[in-house]
1. Considering (1) at pLDDT below 95; (2) more than 22 Å from Lys7 (Cα to Cα), say which one Ser71 fails and leave the rest.
2. Quickly run through region 1-25 and pick out the residues that are closer than 17 Å to Leu82 by Cβ and charged (D, E, K, R).
3. Just to be sure I understand the filter: pairs with C-beta atoms under 9 Å, separated by 6 or more residues or on different chains, first member in region 8-25 and touching a residue at least 12 places away in the same chain (Cβ under 8 Å) and over 16 Å from Tyr36 (Cα atoms), second member surrounded by 12 or more Cβ atoms within 10 Å (Cβ to Cβ) and polar (S, T, N, Q). Which pairs pass?
4. Run down Tyr34, Tyr23 and say which single residue is outside any helix (DSSP H, G or I) and of a type outside the set (S, T, N, Q).
5. Of everything in region 26-41 that's touching a residue at least 12 places away in the same chain (Cβ under 8 Å) and more than 14 Å from Leu81 (Cβ to Cβ), which residue is surrounded by the most Cβ atoms within 10 Å (Cβ to Cβ)?
6. Just one of (1) out of contact with any Pro (no Cβ under 9 Å at 6 or more places or on another chain); (2) farther than 24 Å from Gly90 by Cβ trips up Gly10, so point out which.
7. If the Cβ limit is 8 Å and pairs must be 6+ apart or interchain, which residue in region 57-86 that is under 17 Å from Lys46 (Cβ atoms) pairs with which residue that is surrounded by 11 or more Cβ atoms within 10 Å (Cβ to Cβ) and among the small types (Gly, Ala, Ser)?
8. Do you know which residues across region 79-98 are at pLDDT below 90 and either under 15 Å from the mean Cα position of the chain (by Cα) or in a helix (DSSP H, G or I) (or both)?
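The values are calculated or read from the model by the stated rules, or taken from the named source; none is laboratory data. Just so it is clear, the model here is predicted, and its values are computed rather than measured. For neighbour counting, all protein chains shown are included, and Cβ atoms are generated from backbone atoms with ideal geometry for every residue, glycine included.
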Amino acid sequence: MKKSDIKIIGKDIQDQLERVSKYGKYYEDLVNDYMYLLDVREKLKKDVSQKGIRYKFTNGNGIEQEKPNESVSNLLKVEQLLLKIIYDLGLNPKVNPDNSNSTNSSKGSDNDAEFDLL
């Protein structure tokens, strides 16, 4: 995911909040946190794809050992935070029914999602 995609997602969430008259620093701060965590999530995913679930390292005694990649567990934590922020914003992700079974849709792919208000 590119930085421009993260900005688009942030703008989309802000637009959805405006449609339901949710304004203010509180919501703006949550959206900014969400965008920051999206960036962190992408970095963690990149680390896992580069190093794998486990990786080898050389300890202080010069012995090569293997240990779990902490990015895996951190990725799960970040995903939970992202979902929590969406919940706190009062949005609920759902698949757009217009795109769910259509392969010729001009609106987007089968995986397009939008958020419903809770």
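1. In the conditions (1) at pLDDT below 95; (2) more than 22 Å from Lys7 (Cα to Cα), Ser71 misses (1) alone.
2. Those that are closer than 17 Å to Leu82 by Cβ and charged (D, E, K, R): Lys3, Asp5, Lys7, Lys11, Asp12.
3. Once the first residue is touching a residue at least 12 places away in the same chain (Cβ under 8 Å) and over 16 Å from Tyr36 (Cα atoms) and sits in region 8-25, its partners that are surrounded by 12 or more Cβ atoms within 10 Å (Cβ to Cβ) and polar (S, T, N, Q) give Lys22/Gln16.
4. None of the other options fit; the residue is Tyr23.
5. Ranking the qualifying residues of region 26-41, first place goes to Tyr27.
6. The failed condition is (2).
7. Between residues of region 57-86 that are under 17 Å from Lys46 (Cβ atoms) and residues that are surrounded by 11 or more Cβ atoms within 10 Å (Cβ to Cβ) and among the small types (Gly, Ala, Ser), the close pairs are Asn69/Gly52.
8. Leu91, Asn92, Pro93, Lys94, listed by residue number.
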